[in-house]
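Below is one structure; the comments refer to it alone.
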Amino acid sequence: MDIATNWANLSGDYVIAVPGLVEDDGLKSAVVISLFTDRRANADDVLPDGTDDRRGWWGDPLGDVAGDRIGSRLWLLSREKQLQSVVTRARDYAAEALQWLVEDGIARAVDVTAEIVSQGVLGLGVVISRAIGPPVRYRFDAFWSNPDA
């Protein structure tokens with residue numbers, strides 16, 4: 001069991017219930033952390049703020065598996081325009097961030113869709129196929145929103 005993590009209003013938070021925190025099987029929390037934690041940018045990625053801060057978790061080099069990294073590169077899209085090429089990159093970045101679920105045997109497959117939900121809002125759909133049982137579906141309709149768009 002894990003502490004349930006919820007993604008709403010463009011931020012993650014633990015789910016609280018009296019007298020403590022709600023627990024879940026860990027899958028949703030793992031998906032939220034994988035998608036909405038900043039993964040270190042690749043050397044050839046263009047950084048949206050023009051700095052040399054590639055972000056990422058300082059513990060990645062210390063992992064048990066060489067090259068294992070936590071998070072996603074979705075943060076790189078924060079200043080992008082609403083173009084189909086950006087939607088495609090969002091889907092690719094999300095799929096990259098969730099690939100570990102397949103590699104670690106937690107899922108048979110992970111399918112990610114991305115779309116423009118409304119002006120300035122990009123949404124993600126995630127379907128996780130496990131070895132046993134029905135697929136698990138998550139929807140993040142406003143994970144990335146630009147109020148000025």
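Looking only at region 69-84, count every residue that is out of contact with any Ser or Thr (no Cβ under 7 Å at 6 or more places or on another chain) and open to solvent by less than 70 Å² (accessible area, probe 1.4 Å) and tell me the total.
Residues of region 69-84 out of contact with any Ser or Thr (no Cβ under 7 Å at 6 or more places or on another chain): 69, 73-84.
Now narrow it down to the ones that are open to solvent by less than 70 Å² (accessible area, probe 1.4 Å): 73-78.
The number of residues fulfilling the criteria is 6.
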Exercise. State whether one or more residues within region 93-109 are over 20 Å from ASP45 (Cβ atoms), in contact with a Ser or Thr (Cβ under 6 Å, 6 or more places away or on another chain) and open to solvent by 70 Å² or more (accessible area, probe 1.4 Å).
Key: yes
- Do we find that ASP64 is in contact with a Phe, Trp or Tyr (Cβ under 9 Å, 6 or more places away or on another chain), farther than 22 Å from ASP141 by Cα and modelled with pLDDT under 90 in this structure? no
Restricted to region 40-56 and to residues being at negative phi and in contact with an Asp or Glu (Cβ under 8 Å, 6 or more places away or on another chain), the residue most open to solvent (accessible area, probe 1.4 Å) is ARG40
Can we say VAL18 is touching a helix residue (DSSP H, G or I) at 6+ places or on another chain (Cβ under 8 Å) and either surrounded by fewer than 11 Cβ atoms within 10 Å (Cβ to Cβ) or modelled with pLDDT of 90 or more (or both)? no
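The values are calculated or read from the model by the stated rules, or taken from the named source; none is laboratory data. These numbers were taken from a predicted model, which means no experiment stands behind them. Virtual Cβ from ideal backbone geometry, glycine too; neighbours counted across all protein chains shown. Protein only, heavy atoms only, side chains kept; ligands, DNA and RNA dropped before computing areas. Shrake-Rupley method; radii C 1.70, N 1.55, O 1.52, S 1.80 Å.
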